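Below: the structure, in structure tokens.
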Amino acid sequence: MLFNSFEFAVFFPTVIILFFIMPHRFRWAFLLAASYYFYMCWKAEYLVLIIISTLIDYFAGIQMGKVAEQRKRKKYLYLSLLANLGILFSFKYANFFSTSLRAGLEQLNIFYETPLFDWLLPVGISFYTFQSLSYSIDVYRGEKTPEYHLGRFALYVAFFPQLVAGPIERSVRLLPQFEKPVTFQYERVVSGLRLMLWGFFKKLVIADRLAIYVNEAFNYPGEHSGLTLLVATYFFAFQIYCDFSGYSDIAIGTARVMGYDLMLNFRQPYFSKSISEFWKRWHISLSTWFKDYLYIPLGGNRVAKWRWYYNLMAVFLVSGLWHGANWTFVLWGGLHGAYLFISIITADIRKRIRAFFRIDRVPALKRTISVIITFHFVLLAWVFFRANSIGDAFFILQQMTMLDLSWAGFLDINIENLGWGEFIIACLSILFLVVVDWFETKIKPESLQTYKRAGSLKLVFDYVILFSIIFFGVFEHTEFIYFQF
Amino acid sequence: MSRIIKFFLSIPVIYLVLVFVFLNIRFQNKSLMDLSTRNPVVAGGFGHSFQRFQEIQHYGDVDILFLGSSHAYRTFDNRLYADYGLKTFNMGSPNQTPLNSYYLLKKHIDDVNPKWVILELYTGVLDRDGLESFYDLATNTPFSQELVEMAFAINSPHAYNKIVEKWVQHVTGIAPPVKQKDFSGEAYVAGGYVEYSQSKPKIMPVDMQHPNYQTEFAPEEMREVELLDLQISYVHKILKLVSQKNARAILVTQPVPQAYLAQISNYEEVEKTINSIASLYDVPYLDFNKYNVLDSYLHFEDSDHLNPEGVRRFNRALIKELVKRNIISPAKSIVKKED
């Protein structure tokens, strides 16, 4: 079931009403049934994978709780790792590795038909396997006591607001919330609805509108001018941000209405002043997952320099692969790893350049330049993320170096599939988003999690958002981009 | 708590005010709302729907009523049927899907009391939601209960916005004057047919590998027609309605070039589905893609529409088939002419 569907418009209020009139002791069962139904609306049989993952991790957690000896606990951790990563590999990566192996062998003049599997990628598989896995690792490390209530644990794995595209929650945060009784709180419900509204605006007004333009340009790059491809790349940066952060807002808002707090997943990432800051603001739940469960176990930065760089690159390559079974994603991750590596080794030089030009004396200028440069590095990497192949990505980049910046070139921007009216609406809505995000950078991060939004004009803001969705939304039931991950 | 109730109650009021305001902000003959929805339709525009639905109101009873998309209004030439003494009306309109056809039929069937209803089933409309046609009809026809029902059947916020806009126009009487525009190369013929005469005759290569075919005529890639249950259910509804009104229905598919057909990966499945519906209601289904009456090279205007010669040949073949099935009587003068 998509958040942006009529089915959800019926499902959500029904669930909320029943949830609040139901006694606390039955709520976990009701939410679990609702979550499973939510997932089954997509493809019922794939629910089995979630149940398998849930049962194995539940069992591993209980067993790890019974033994104090690290070696014996490790056995159950391996079981959890094997099961979750096995499911993920089989359904997401098997064909990718198979075709890559075939292509590699062909280079060596060995023609071998590696097997290919004809199955659909289960929606949200990367999200729920990582969430479930984090529980097993936390129990293994002793950071979390095992959850003995199977129903509540199953709900933790399948909680419908964040089941298919995150935020990837941690058991230490979410599981205890299911145990505590929640009551209807007006302020919290309104705050949740408001966040959902903002998420829908980002998805329906901005992301889905930009998608029309972006899909045409990136799917047929050979038919468009460099300027069109450049515009499409800028549009994609905002499309993916609005699509994914919009989903997160709806998820967090939905959970908040019911009285549960999910972690913040985005914090105005395009206002980052460096790539490392970008990763503290973009898909925070995934970045912290990789930090806690991969980067730090690898040694983090408390190792020899070469090993530190290796750790960084390894984490970003895996992160790229997590996003999709395609070399374009691996390259995208590698590019971000390279950015961080370069930013570390050029730190001194950049400091000297800033001192030479006395940029540090004007903090606003320094900040603006940093934000613009960071944004464009991120933009460059998005080309690889969105392109259908590495060849396409390089072709697009090549085309973008041959821009016709004349008036005729500007008129040559192909907006046939969008139309000028929609093109203008798209640009204005991006501007509106940037302004709102800029205002939100002025708010302390912790206050973003509180229920009150700053500003005396919030009611007007809500009306503007609501009617923008009604009149200017694109209602073509487009799936969220991150569902595929 | 009362604040949130007030907020929700205020939504419909503000919504109506905004619809009214947007209706009056016009750019290039489109309201602000139309501009924001990729709605290509303008009043009195392409497809001659405005003229057609003005005409039908005082057209009188007919022998045959045609329904369908551009494959209907650009195909069934009323004049060719008049030669057989048949009075026909072509109620086709741009991108009209069975869903749209049903509500149009419901509205107008008593106006024209057809003996026969011919529903053209072009594969290209069976996987559409009917929104584009709804825009056209809501823009070019008066507000009606059937339009409201159509909006609910489509169940899209865009359709709801459009029908509310139409209702506000209807209630306030504020509507821009509509005049049918003329388009070069096309002419409206009394009875609903639109004649397309090529300004520059195109030659359709038979060979789908021919470079000209690839660039000018072929659909971009192989495609599967996703038969929407919604549209199939409306084919059923049309056939039931026709039967209730003591008329007879015929399902027809206008031929498309061989190459176009070859690029529909599941054409057989589509045909099988339509055949099963036709059998269920005991109505003929005439798929002219099986009749081999047209030349892919010579009889098409573009990738799927007929050119004037194609129209003439196709209608002649259809009439011949209808005569053969004793659906219409052969006209003596025509038989002579044909001989």
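Of all residues being assigned to a helix (DSSP H, G or I) and within 13 Å of chain B (Cβ to nearest Cβ) in segment A:211-221, which is farthest from A:ILE425 (Cα to Cα)? Just the residue, please. Ranking the candidates gives A:ASN219 first. As for segment B:149-160, it holds no residue that is away from chain A (no Cβ under 14 Å), out of contact with any Leu (no Cβ under 7 Å at 6 or more places or on another chain), charged (D, E, K, R) and in contact (Cβ under 8 Å) with a residue 60 or more places away in the chain.
A:GLU45 - would you say it is within 14 Å of another protein chain (Cβ to nearest Cβ) and of a type in the set (D, E, K, R)? Answer is no for this residue. For segment A:300-309, the criterion of a residue being within 22 Å of A:PHE377 (Cα to Cα) and of a type in the set (S, T, N, Q) is satisfied by no position.
Of all helices (runs of 4 or more DSSP H) completely enclosed by segment B:16-123, which ones contain at least 3 residues that are of a type in the set (S, T, N, Q)? Outline the logic, then answer.
Details: elements: B:32-35, B:49-55, B:70-73, B:78-82, B:98-112.
The qualifying helices (runs of 4 or more DSSP H) are B:49-55.
Of the residues B:LEU105, B:LEU99, B:LEU137, the single one that is farther than 28 Å from B:ASP302 by Cα, under 12 Å from the mean Cα position of the chain (by Cα) and at pLDDT 90 or above is B:LEU105.
Return the residues of segment B:1-10 that are facing chain A (nearest Cβ under 7 Å) and assigned to a helix (DSSP H, G or I); say none if nothing qualifies.
Going residue by residue through segment B:1-10, those that are facing chain A (nearest Cβ under 7 Å) are B:1, B:4.
Result: B:ILE4, single match.
With the condition being over 13 Å from the mean Cα position of the chain (by Cα) and touching a residue at least 60 places away in the same chain (Cβ under 8 Å), I'd like the helices (runs of 4 or more DSSP H) fully within segment A:273-331 carrying at least 1 qualifying residues. By residue number, A:275-281, A:305-323.
Pick out, from segment A:344-443, the helices (runs of 4 or more DSSP H) lying fully within it that include 2 or more residues that are of a type in the set (Ser, Thr, Tyr) and under 26 Å from the mean Cα position of the chain (by Cα).
On the way: elements: A:347-356, A:363-386, A:390-400, A:407-411, A:420-441.
So the answer is A:363-386, A:420-441.
On the stretch given as segment A:135-174, residues that are buried (at least 24 other Cβ atoms within 10 Å of the Cβ) and either at positive phi or of a type in the set (Ser, Thr, Tyr) (or both) total 5. Within segment A:291-318, being crowded, with 21+ Cβ neighbours inside 10 Å and either in contact with a Ser or Thr (Cβ under 7 Å, 6 or more places away or on another chain) or of a type in the set (A, V, I, L, M) (or both) holds for A:LEU312, A:VAL315.
Kindly indicate whether B:VAL171 is more than 14 Å from chain A (Cβ to nearest Cβ) and more than 19 Å from the chain's Cα centre (by Cα). Before the answer, list the steps.
Values: more than 14 Å from chain A (Cβ to nearest Cβ): yes; more than 19 Å from the chain's Cα centre (by Cα): yes.
So B:VAL171 passes the test.
Only one residue in B:ALA278, B:ALA249 is touching a strand residue (DSSP E or B) at 6+ places or on another chain (Cβ under 7 Å), at pLDDT 90 or above, part of a strand (DSSP E or B) and surrounded by 15 or more Cβ atoms within 10 Å (Cβ to Cβ), so which one is that?
Answer to the selection: B:ALA249.
Screening A:VAL214 against (1) among the β-branched types (Val, Ile, Thr); (2) at pLDDT below 90; (3) over 25 Å from A:PHE38 (Cα atoms) leaves a single unmet condition, (2). All of A:PHE153, A:PHE91, A:PHE178, A:PHE97 fail the test of being out of contact with any Lys or Arg (no Cβ under 6 Å at 6 or more places or on another chain), of a type in the set (Phe, Trp, Tyr) and at pLDDT 90 or above, apart from A:PHE153.
The values are calculated or read from the model by the stated rules, or taken from the named source; none is laboratory data. All of these numbers come straight from a predicted model, not from anything done at the bench. Every residue, glycine as well, gets a Cβ built from its backbone with ideal geometry; the counts of neighbours run over all protein chains shown.
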